[in-house]
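Everything below concerns the one structure shown next.
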Amino acid sequence: MEIYGEYDVVIAGGGTAGVSAAIASARAGARTILIERFGVLGGQMNVSGPPGFAYCHLWNKRGEQCLAGIIEETHHRLEKDGHALPYPPPEERRGRAFAFVDPDWWGLMIFEMMTENKVDLLLHSLAVGVLKEGDAVRGGIVENTSGRQVVLGKVIIECTGEGDIAARAGAPYEQVSKDEFEIEPPSISFTMDGMDWNKFIKYANENPEDIMVVRRRGEASELQAVKKGIERLKNARNVMDLVPIGALALRAITEKALANGDYHQYGDLGFFFTPREGGKIQAIFQHSSQVYQCDATDVRDLTAGEVEARRQVVIALKAARKYIPGFDTAYLTRITSYLRIRETRRIMGDYKLAMEDVYGGKKFKDVIGKSVMTMGSHHTATIHTLAFVPGRTEIKDGGSFDLPYRMLVPQKVENMLVAGKMVSTERDCYLRFLPETMETGQAAGVAAAICARKGITPRQLEKDVKELQDTLVKQGAILSGTH
């Protein structure tokens, strides 16, 4: 088998976690290579998304910023060049604070950042396994148009999203069985332009309760947000007045289309917003095409899911034009290339984040990042789109919870780190949202670079994480000083 090259850090997967890991590793001084199965980088942000909450939850409900680093840097770069909307004023930065970005410019920016940081890329290459000596991983095996190759590395970072490489390396994992549970549905997103926003705003003025529904379980903060949103809708005069709301539900319109046989049962007609050049705002539909009980680690399910999702997209496009006021002149401008997968494997690490850690606002000595994303809900393939888990819904004191380094270190495998949505958590507090995937990616990148330089394993680094934390802080991460 041909040796492609030897590196300090090898990263499998060029999604949001992988690109963050690559940037962070290179900035920490490691010779770094990023392997990606497609010819484009960005994953859920621009290839299969973006998710509506991409840059949403950076502040806790006390107004304290808890997430920064590479996630914040990317937003600032896009905003400076006119490809991102600014964050709301400080008094509105509590919990959900939307700042939408142009996903295609995000993808172009990421390539610029790879070049700036001298990250080597190996594109159009599918990571299919690992080279091991005992429990230690020595490299990643890829297949591409040149054949089968091995990329040797001192530390391998698993960022494939589905944990394919960690699982094949022998790391234990947990995964929901569709025989017992409803798997969170993968989806295809699409974007529309050509709307008459004045007509839609008139509908919003007159029907605010259709757009602002209580999506959680009636806690005070959610009810307050709904009340504020309804007032905003009643007084909206242009589309920019709607953007801060973030997600528009359109529940009554969805129910009407379904009752008339013009819609499917697996999602809603609500949408988010996407800024484009010249101040244009487009509508992005993210919950209008959702595949029921699709196990994305089974290629038969995955293939069938791609077909089903596109069937639903056609239905949703026609229904949007027919039922949403102002959308009768709208047209399709963008459809994502493949399913955005919400739930598959979670690779078990030396620590497993629990729901009690989330709602208790737990702080860890080996903190590598924070999150303010309240958990306890699952996406569901219905017109309601969310199902809620019994229990608490608020983080203690309106604060944040820490992400410990140990959750990135997979059990039973050496010389490997895991980042992204498959890090070690209980199901109900999985970390699939973009801020957390970029945070864990950045932390894994720095940790891998330190391990490669010191000649130690990621598990050995658990004994003393001070250099890791100091480097992350230098790279802009927030690890302390907040509730």
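Would you tally the residues in segment 69-92 being outside any helix (DSSP H, G or I), over 23 Å from Thr440 (Cβ atoms) and either under 15 Å from the mean Cα position of the chain (by Cα) or free of Cβ contacts under 8 Å to residues at least 40 places away in the same chain (or both)? Step through it out loud before you land on a result.
To start, the set of residues in segment 69-92 that are outside any helix (DSSP H, G or I) comprises 81-89.
Keeping just the survivors that are over 23 Å from Thr440 (Cβ atoms) gives 81-83, 85-86, 88-89.
Those left that are additionally either under 15 Å from the mean Cα position of the chain (by Cα) or free of Cβ contacts under 8 Å to residues at least 40 places away in the same chain (or both): 81, 86, 89.
Residues that pass the stated criteria total 3.
Check whether at least one residue in segment 445-464 is touching a strand residue (DSSP E or B) at 6+ places or on another chain (Cβ under 8 Å), in a strand (DSSP E or B) and not charged (D, E, K, R), and report yes or no.
There is no residue in segment 445-464 that is touching a strand residue (DSSP E or B) at 6+ places or on another chain (Cβ under 8 Å), in a strand (DSSP E or B) and not charged (D, E, K, R).
In this structure, is Ile165 more than 24 Å from Glu92 (Cβ to Cβ) and in a strand (DSSP E or B)? Reasoning before the result, please.
Working: more than 24 Å from Glu92 (Cβ to Cβ): yes; in a strand (DSSP E or B): no.
Judged against the criteria, Ile165 is not a match.
Within segment 17-38, can one find any residue that is among the basic types (Lys, Arg) and touching a Leu at 6+ places or on another chain (Cβ under 6 Å)?
As a first pass, look at segment 17-38 and keep what is among the basic types (Lys, Arg): 27, 31, 37.
Still in the list and also touching a Leu at 6+ places or on another chain (Cβ under 6 Å): 37.
Yes: one or more hits.
So how many residues does segment 39-52 have that are under 25 Å from Phe271 (Cα atoms), touching a Leu at 6+ places or on another chain (Cβ under 7 Å) and of a type outside the set (Ser, Thr, Tyr)? Steps first, please.
Restricting attention to segment 39-52, the residues satisfying the condition of being under 25 Å from Phe271 (Cα atoms) are 41-52.
Next cut, touching a Leu at 6+ places or on another chain (Cβ under 7 Å) only: 44-45, 48, 51.
If we keep only those that are of a type outside the set (Ser, Thr, Tyr) too, we end up with 44-45, 51.
So the count comes out to 3.
Name the residues in segment 288-317 that are among the acidic types (Asp, Glu) and not in a loop (DSSP other than H, G, I, E, B), would you? I'd like the intermediate steps shown before the answer.
So the first thing to find is which residues in segment 288-317 are among the acidic types (Asp, Glu), and the list is 295, 298, 301, 306, 308.
Selection gives Asp301, Glu306, Glu308.
Of Val389, Val409, Val418, Val367, which residue is under 29 Å from Gly270 (Cα atoms) and among the β-branched types (Val, Ile, Thr)? Quick ask: steps written out before the conclusion?
Numbers: Val409 fails: under 29 Å from Gly270 (Cα atoms); Val418 fails: under 29 Å from Gly270 (Cα atoms); Val367 fails: under 29 Å from Gly270 (Cα atoms).
That would be Val389, the only listed residue that is under 29 Å from Gly270 (Cα atoms) and among the β-branched types (Val, Ile, Thr).
For (1) in a loop (DSSP other than H, G, I, E, B); (2) small (Gly, Ala, Ser), each residue gets a yes or a no:
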residue	(1), (2)
Lys421	yes, no
Gln469	no, no
Val473	no, no
Ser480	yes, yes
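Looking only at segment 436-449, decide whether some residue is out of contact with any helix residue (DSSP H, G or I) (no Cβ under 7 Å at 6 or more places or on another chain) and free of Cβ contacts under 8 Å to residues at least 24 places away in the same chain.
Of the residues in segment 436-449, the ones out of contact with any helix residue (DSSP H, G or I) (no Cβ under 7 Å at 6 or more places or on another chain) are 436.
Then keep just the ones that are free of Cβ contacts under 8 Å to residues at least 24 places away in the same chain; that gives none.
Within segment 436-449, not a single residue is out of contact with any helix residue (DSSP H, G or I) (no Cβ under 7 Å at 6 or more places or on another chain) and free of Cβ contacts under 8 Å to residues at least 24 places away in the same chain.
Would you please name the residue that is modelled with the lowest pLDDT, looking only at residues in segment 211-236 that are within 30 Å of Asn46 (Cβ to Cβ) and in a helix (DSSP H, G or I)?
Of all residues in segment 211-236, those within 30 Å of Asn46 (Cβ to Cβ) come to 211-213, 215-216, 222, 225, 229, 232-233, 236.
Adding the requirement that they be in a helix (DSSP H, G or I) leaves 211, 222, 225, 229, 232-233.
Values: Ile211: 88, Glu222: 66, Ala225: 75, Gly229: 86, Arg232: 91, Leu233: 94.
For segment 211-236, the residue satisfying everything is Glu222.
Is it the case that Asp397 is in a helix (DSSP H, G or I) and surrounded by fewer than 24 Cβ atoms within 10 Å (Cβ to Cβ)? If you could, list the steps in order and put the result at the bottom.
Details: in a helix (DSSP H, G or I): yes; surrounded by fewer than 24 Cβ atoms within 10 Å (Cβ to Cβ): yes.
When the stated conditions are applied, Asp397 passes them.
Give the residues of segment 361-380 that are surrounded by 15 or more Cβ atoms within 10 Å (Cβ to Cβ) and at pLDDT 95 or above, sorted by residue number.
Kept after step one, since they are surrounded by 15 or more Cβ atoms within 10 Å (Cβ to Cβ), are these residues of segment 361-380: 361-364, 366-380.
Within segment 361-380, Gly361, Lys362, Lys363, Phe364, Asp366, Val367, Ile368, Gly369, Lys370, Ser371 meet the criteria.
Looking at Val150, is it outside any loop (DSSP other than H, G, I, E, B), in contact with a strand residue (DSSP E or B) (Cβ under 8 Å, 6 or more places away or on another chain) and surrounded by fewer than 18 Cβ atoms within 10 Å (Cβ to Cβ)? Break it down into steps so the answer makes sense when it comes.
Values: outside any loop (DSSP other than H, G, I, E, B): yes; in contact with a strand residue (DSSP E or B) (Cβ under 8 Å, 6 or more places away or on another chain): yes; surrounded by fewer than 18 Cβ atoms within 10 Å (Cβ to Cβ): no.
When the stated conditions are applied, Val150 does not pass them.
Can you pull out every residue in segment 292-316 that is surrounded by 13 or more Cβ atoms within 10 Å (Cβ to Cβ), polar (S, T, N, Q) and more than 21 Å from the chain's Cα centre (by Cα)?
Selection gives Gln312 alone.
Hey, among the residues in segment 410-436 that are within 16 Å of the chain's Cα centre (by Cα) and over 17 Å from Tyr173 (Cβ atoms), which one's surrounded by the fewest Cβ atoms within 10 Å (Cβ to Cβ)?
Among residues in segment 410-436 that are within 16 Å of the chain's Cα centre (by Cα) and over 17 Å from Tyr173 (Cβ atoms), the one surrounded by the fewest Cβ atoms within 10 Å (Cβ to Cβ) is Phe433.
The values are calculated or read from the model by the stated rules, or taken from the named source; none is laboratory data. The shown structure was predicted, so the numbers you read here are calculated from the model rather than taken from an experiment. Note: ideal-geometry Cβ built from the backbone for every residue, glycine included; neighbour counts use all protein chains shown.
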